[in-house]
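To start, the structure under review is shown below, and the notes come after it.
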2 protein chains.
Amino acid sequence: MNHQEALTSYIAAFVSELYKNGVEDVVVSPGSRSTPMAMVMAEHPELRLHIHVDERSAAFFALGIAKASRKPVAILCTSGTAAANYFPAIVEANIARVPLIVLTADRPHELRDVGAPQAINQIHLYGSHVKWFVEMALPEKSTEIIRYARTVCARAASTALRSPAGPVHLNFPFREPLIPQLDRKDLFEPLERSNGYVRIQSGDLALSDGQYEELAESISAYKKGIIVCGSIESDRFAEAVTKLAKKLRFPILADPLSQLRSGKHDGTYIIDTYDTFLKNEDAKNHLKPDLIIRFGTMPVSKPLTIFLKENHDVQQFVVDGGGGWRDPGMVSSEMIYCEESLFCTAVIPFISQSEDTSYFAQWEEINQLTRSQLAAISELDVLSEGKLFYQIAEMLPDGATLFVGNSMPIRDLDTFFHFNNKSIRIMANRGANGIDGVISTALGAGTCSQPLYLVLGDLTFFHDLNGLIAAKQFGINIHILLINNNGGGIFSFLPQASHPKNFEKLFGTPLDLQFEHVVKMYGGQYELISDWSHFSAVLHSEMTGLRVTEVTTNRDRNIVEHRELWDAVSREIGRLLEGKC
Amino acid sequence: MNHQEALTSYIAAFVSELYKNGVEDVVVSPGSRSTPMAMVMAEHPELRLHIHVDERSAAFFALGIAKASRKPVAILCTSGTAAANYFPAIVEANIARVPLIVLTADRPHELRDVGAPQAINQIHLYGSHVKWFVEMALPEKSTEIIRYARTVCARAASTALRSPAGPVHLNFPFREPLIPQLDRKDLFEPLERSNGYVRIQSGDLALSDGQYEELAESISAYKKGIIVCGSIESDRFAEAVTKLAKKLRFPILADPLSQLRSGKHDGTYIIDTYDTFLKNEDAKNHLKPDLIIRFGTMPVSKPLTIFLKENHDVQQFVVDGGGGWRDPGMVSSEMIYCEESLFCTAVIPFISQSEDTSYFAQWEEINQLTRSQLAAISELDVLSEGKLFYQIAEMLPDGATLFVGNSMPIRDLDTFFHFNNKSIRIMANRGANGIDGVISTALGAGTCSQPLYLVLGDLTFFHDLNGLIAAKQFGINIHILLINNNGGGIFSFLPQASHPKNFEKLFGTPLDLQFEHVVKMYGGQYELISDWSHFSAVLHSEMTGLRVTEVTTNRDRNIVEHRELWDAVSREIGRLLEGKC
């Protein structure tokens, strides 16, 4: 049958090209219109297919694989609201610069906007939130259209992957009948050019030698420089930026997601408690820089964000290899579009070794003081959110991946997880900082990053309960540390907390759920922590499958614990700096 | 403080106008940027606030309230992916013509596209899937901007509600600080015009008398007319269309969602088993019409859709009060934009009473034959999906609402739920026919339609497990009949079922979940049905809270049962029509 042959050849060409362009994982949600693509993908000898019924979780799962593997991942669903369920993960992928190839099946043109079942307008469905949208041609077997399928696929993978990485969306109209011809031996054999149709060589943003030299001169003119590193994904960056810091004697304020808080790189210049001490006005005055060089996303820390904004009068260089505009404070003085590791490596030769460590020493002194004050958290007997992060920094095995929720966990991690020489990869969905899809993203990461730990609060856990099924279905090992303070703990830190009327209703939102039940449903192992020795024993025990360890905390006590520590740090800083005046 | 006063006055004006324009329910998902709107809403003495953590479920919950109450419902969330989670329900609301007012909080302009936390591009976030988008002005207290807030609110409610109803999206940029002044006594007191700012009077589409007369004459010229009614939401329609049918002696092919399958109206002309007998070629030839008048959405039944398409050579009138284009077969000969009940009522006076019942009798005879054959399902001892619908048609109490899933349940309902004089409201999400949000939509409907029964399959149940929390949090009574065939039963009816390789992996997708656990977590009552007498006892027992009754069925046996019945009907039709030749 001609239709069936065209359908099969066209899709097989596309699918075979996917793999040749670096896609190894496809997350498929079952559906009817997507039948031909799903069936052909299942025949591919190399592609890994993950079948996930809930498209929202499926897309986050794919996001997690792509984040961890730094390879483009494809997702496939049927027409209709299935595709709309992908939207949250696509938005996140776009801002977090994660390569996703979104494949949606659609009705053909004659069945659109005429009341046909499961037909919605999928043209530009994700609006400005994808890098590229293509309404695909109908399947044909002509050499030209086969070339088209292969070329578009190569372009899609390359567009998703090249900086700034992000999602692309290809919408495939398919006519019935939808069953491909799978008994063909030559299913994935190309008609021409066996090694992929077109290879795309894509460069990174690089300045000229003259620009590096000029910027190096600018930088060298300042004595009080700091380097701020937000989230950045690059194997080479840690070494490059620590070398630059050493040459300049500049402190590096390292966000948890900078991948500088843990690792085998030189930790000398890493400042890891700024989130606490930059709450203090005296410290901020004492440490006022004359130059700020920023890499990666805006940092998680609000005190640091405020510090950057308050220093609008000093030089601020923002280096962005993705060509974005990461400067909500409108304080940048130089916007430098250059791949970050390359920038560090390229300016170093133009900079002479600084011998003046006095400014760095000021940062180091306050950082040490703050670290020692924060260590008091370890003495708490009660179960505490802060201490949990202090503990796991010590307990996690070398090589672990630590995924954290976006609300209090990433902030407590920022406060209590200090530099260490283990290789711990810290991950979070900090593109749009959503409450959604955290379990699924972590599990996706878990397909290629093990051992995997996930720390999240009860609302975030609830939001993506469906995501847990991936652990069961795909046999992924994950140890979830569920901080259950029965509601939205972060709101206790916000101004509405001082307006008790309706606070619990609108913001506290206790769910009063016993999560043990749902963990059992997914075949997981559940444990409720009674005390810290129990916690330690559980964290050190062997991990297989889905494991949920619940730590019950108290929102009111939590804010008191945090405030007491911050006050103690402030007092000590006051004492220290008083002595200096 | 000037900022706070402006923020409060602006939002209070908007919120007060919401209520004056018919919005009684608001579904709020907790978040930070939406704080001022949420806090002001909570102060309103009349608005009902429903707090729902998962925005996807929250939006479907609102959709359910709006569907059942036929009033606009507002949803409110914070900035970022929260808003993206609304997308599936918005897409559904747009196609299903359900009035939703989507309120998203956003960062102000200076914090957009600059890497600020939780900031995504929310301008036209839902693209073509909303009827109206407004990027709201920043809060101000000037009389002009207060008038603006009130006017936009009135326009939003009216736009959402007027035919075709649908979702509208208002995006609110809010600057910090976000806390409104709630100690004001005059919070909701308008500066001018106390009864709402502008009242919008909106008409329905109506033809001229001349057009009614002409169409009535056309219609009267045909002897073999049928009326096809898809999903339609109007209290007046059942009476109007049954009167028209009686005058013309035309059979009414009544879709389950036409609200004609149950009710106190005259059932004489209702044909309720066409989905079965229109599979038969002899029946289709025997019953070939010369005129088809269609109201509402395209019917659920595929055999009927095919029948409509095959009759492309006869006159087909499509009446649509929403001015859409509900004709995937491209078979309409007259597209009539007129409110449906009005159309029926207005053409009747121009039509003389037909005395020729012979064509209707042909339909009636085959319908009776089919009904009696289908009744064989009631004799099955094993638990069967078909029999379940046959049983509940008998067992449901008068006044019940029956919500059904989109995959097999709506189809089995179509086959086995026959006309009765109880007032049973049948509901489903048949705009885009998604697997998503079914539990939440049903629970939303349950806030104003009780007693409430929901029949759905295990995959649909799984997809919206989070939705169950609304039953617990808001104390909504719902009896869920969970048909668990451990996977996607509908695919067994599709062509891929004859390609066993990868079928279970891609389409069967068994989840192997014991749902009892999750029902317990939500404080529900769970029962696994052992046999039909057990089923009957459970269905007749008193219902409070969340109740999940699981009926385990078998996908392979299910298709055999269906095929045997269809074959039996076909044989009997063959016998009947043979006698007539």
Task: Residue pairs meeting the criteria (Cβ under 8 Å; at least 6 apart or on separate chains; first more than 14 Å from every other protein chain (Cβ to nearest Cβ) and aliphatic (A, V, I, L, M), in segment B:327-348; second assigned to a strand (DSSP E or B) and open to solvent by less than 30 Å² (accessible area, probe 1.4 Å)) - done: B:I336/B:F317; B:I336/B:V318; B:I336/B:V319
TODO: Would you be able to say whether some residue in segment B:492-501 is within 30 Å of B:V28 (Cα to Cα), open to solvent by 10 Å² or more (accessible area, probe 1.4 Å), facing chain A (nearest Cβ under 8 Å) and without any contact (Cβ under 8 Å) to a residue 12 or more places away in the chain?
DONE: no
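Among the residues of segment A:275-298, count how many are of a type outside the set (V, I, T) and surrounded by 19 or more Cβ atoms within 10 Å (Cβ to Cβ). Full working, then the answer.
Narrowing segment A:275-298 to residues of a type outside the set (V, I, T): A:275, A:277-291, A:294-296, A:298.
Then keep just the ones that are surrounded by 19 or more Cβ atoms within 10 Å (Cβ to Cβ); that gives A:275, A:277-280, A:283, A:287, A:289, A:291, A:294-296, A:298.
Number of matching residues: 13.
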TODO: Test B:I336 against the criterion of being open to solvent by less than 10 Å² (accessible area, probe 1.4 Å) and of a type in the set (V, I, T), and give yes or no.
DONE: yes
Open item on the list: Being within 14 Å of chain A (Cβ to nearest Cβ) and either in contact with a Gly (Cβ under 6 Å, 6 or more places away or on another chain) or at pLDDT below 95 (or both) is the filter here; which residues of segment B:514-552 pass it?
Closed with: B:L546, B:V548
Task: Residues satisfying the stated conditions in segment A:119-130, i.e. farther than 22 Å from A:G166 by Cα and more than 7 Å from chain B (Cβ to nearest Cβ) - done: A:A119
Open item on the list: For segment B:129-151, give me the residue count where each residue is closer than 20 Å to B:L187 by Cβ, assigned to a helix (DSSP H, G or I) and touching a residue at least 24 places away in the same chain (Cβ under 8 Å).
Closed with: 7
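Yes/no matrix, rows are residues, columns are (1) buried (at least 22 other Cβ atoms within 10 Å of the Cβ); (2) out of contact with any Asp or Glu (no Cβ under 9 Å at 6 or more places or on another chain); (3) of a type in the set (D, E, K, R); (4) within 30 Å of A:V26 (Cβ to Cβ):
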site	(1), (2), (3), (4)
A:L396	no, yes, no, no
A:L402	yes, yes, no, yes
A:G405	yes, yes, no, yes
A:L413	yes, yes, no, no
A:H418	no, no, no, no
A:R425	no, yes, yes, yes
A:G431	yes, no, no, yes
A:S440	yes, no, no, yes
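Kindly establish whether B:N477 is more than 8 Å from chain A (Cβ to nearest Cβ) and at positive phi.
Numbers: more than 8 Å from chain A (Cβ to nearest Cβ): yes; at positive phi: no.
No.
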Open item on the list: Looking at the structure I just gave you, is A:L506 within 10 Å of chain B (Cβ to nearest Cβ) and either assigned to a loop (DSSP other than H, G, I, E, B) or open to solvent by 20 Å² or more (accessible area, probe 1.4 Å) (or both)?
Closed with: no
- [ ] Report, by residue number, each residue of segment A:375-394 that is over 15 Å from A:R557 (Cα atoms), open to solvent by less than 40 Å² (accessible area, probe 1.4 Å) and among the hydrophobic types (A, V, I, L, M, F, W, C).
- [x] A:A375, A:F389, A:I392, A:A393
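Table: residues versus (1) in contact with a Gly (Cβ under 6 Å, 6 or more places away or on another chain); (2) aliphatic (A, V, I, L, M).
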| site | (1), (2) |
| --- | --- |
| A:S440 | yes, no |
| A:L452 | yes, yes |
| A:T460 | yes, no |
| A:H463 | no, no |
| A:L468 | no, yes |
| A:K472 | yes, no |
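Can you say whether B:R48 is within 23 Å of B:L178 (Cα to Cα), among the basic types (K, R) and open to solvent by 10 Å² or more (accessible area, probe 1.4 Å), as far as the supplied structure shows?
Numbers: within 23 Å of B:L178 (Cα to Cα): yes; among the basic types (K, R): yes; open to solvent by 10 Å² or more (accessible area, probe 1.4 Å): yes.
Criteria met by B:R48.
Looking for something more than 32 Å from the chain's Cα centre (by Cα) and of a type outside the set (A, V, I, L, M) - is there at least one such residue anywhere in segment A:231-254?
Narrowing segment A:231-254 to residues more than 32 Å from the chain's Cα centre (by Cα): none.
Taking every residue of segment A:231-254 in turn, none turns out to be more than 32 Å from the chain's Cα centre (by Cα) and of a type outside the set (A, V, I, L, M).
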TODO: For A:A160, work out the one condition from (1) crowded, with 22+ Cβ neighbours inside 10 Å; (2) within 14 Å of chain B (Cβ to nearest Cβ) it doesn't fulfil.
DONE: (2)
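Going by the structure shown, is B:Y148 modelled with pLDDT under 95 and among the hydroxyl-bearing types (S, T, Y)?
Here the answer is no, as B:Y148 does not meet what is asked.
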TODO: Please specify each residue of segment A:335-358 satisfying the condition of being in a loop (DSSP other than H, G, I, E, B) and hydroxyl-bearing (S, T, Y).
DONE: A:Y337, A:S352, A:S354, A:T357
Task: Search result, residues across segment B:84-114 that are under 25 Å from A:V331 (Cβ atoms) and open to solvent by 10 Å² or more (accessible area, probe 1.4 Å) - done: B:R107, B:H109, B:E110, B:L111, B:R112, B:D113, B:V114
Task: Verdict on B:A445 being open to solvent by less than 10 Å² (accessible area, probe 1.4 Å), in contact with a Pro (Cβ under 6 Å, 6 or more places away or on another chain), farther than 22 Å from B:A568 by Cα and in contact (Cβ under 8 Å) with a residue 24 or more places away in the chain - done: no
TODO: Scan segment A:448-459 residue by residue and report those that are open to solvent by less than 10 Å² (accessible area, probe 1.4 Å) and within 12 Å of chain B (Cβ to nearest Cβ).
DONE: A:D458
Open item on the list: Against the conditions (1) touching a residue at least 24 places away in the same chain (Cβ under 8 Å); (2) more than 18 Å from B:L304 (Cβ to Cβ); (3) surrounded by fewer than 18 Cβ atoms within 10 Å (Cβ to Cβ), where does B:E364 fall short? Just the number, please.
Closed with: (2)
Task: Number of positions in segment B:100-128 that are without any contact (Cβ under 8 Å) to a residue 24 or more places away in the chain and either in contact with a Cys (Cβ under 7 Å, 6 or more places away or on another chain) or of a type in the set (S, T, N, Q) (or both) - done: 2
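The values are calculated or read from the model by the stated rules, or taken from the named source; none is laboratory data. Bear in mind the structure is a predicted one, so any value in this text is a computation, not a measurement. Glycine gets a Cβ as well: all are built from the backbone with ideal geometry, and neighbour counts include every protein chain shown. Note: accessible area is taken over every heavy atom of the protein model, side chains too, but ligands, DNA and RNA are not part of it. Shrake-Rupley method; radii C 1.70, N 1.55, O 1.52, S 1.80 Å.
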